[in-house]
Amino acid sequence: MTLPIGEARTLRHRAGARLEVTSGRVWLTEPGDLDDHFVASGESLLLHHNGPVVVQSDGASAAVLRIVTSSSARRLPWSP
């Protein structure tokens, strides 16, 4: 998925999924996690809670990312 500069989306995921950023940088917040996170190109973040995560492109260019399960690397559905 590509997020234009400054655009935010809410994504659905399961605990144990991993958010991977292949280009750009994103800011994200996850229910049950008191910290916000920044994930840059080439980095990933393990998601610890079931439910939605809010992700926003945070940088000088669009961000390209995906959420995959930790066991099968299968893409999970997202909702705008």
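The values are calculated or read from the model by the stated rules, or taken from the named source; none is laboratory data. Predicted, not measured: the structure shown is a model, and the values here were computed from it. In this analysis, Cβ positions are derived from the backbone assuming ideal geometry, glycine residues included, and neighbour counts consider all displayed protein chains.
So the values come out like this:
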| quantity | calculated |
| --- | --- |
| Qualifying positions in region 23-52 - within 14 Å of ILE67 (Cβ to Cβ), surrounded by 13 or more Cβ atoms within 10 Å (Cβ to Cβ) and not charged (D, E, K, R) | VAL26, LEU28, HIS37, VAL39, SER44, LEU45, LEU47, HIS49, ASN50, GLY51, PRO52 |
| Enumeration of residues in region 42-72 that are in a loop (DSSP other than H, G, I, E, B) and either within 14 Å of VAL21 (Cα to Cα) or modelled with pLDDT of 75 or more (or both) | GLY42, GLU43, LEU47, HIS48, HIS49, ASN50, ASP58, GLY59, ALA60, SER61, ALA62, THR69 |
| Odd one out for MET1, checked against (1) in contact with a Gly (Cβ under 9 Å, 6 or more places away or on another chain); (2) touching a residue at least 24 places away in the same chain (Cβ under 8 Å) | (1) |
| Of all residues making up region 6-34, the number that are in a loop (DSSP other than H, G, I, E, B) and either at pLDDT 95 or above or more than 15 Å from GLN56 (Cβ to Cβ) (or both) | 10 |
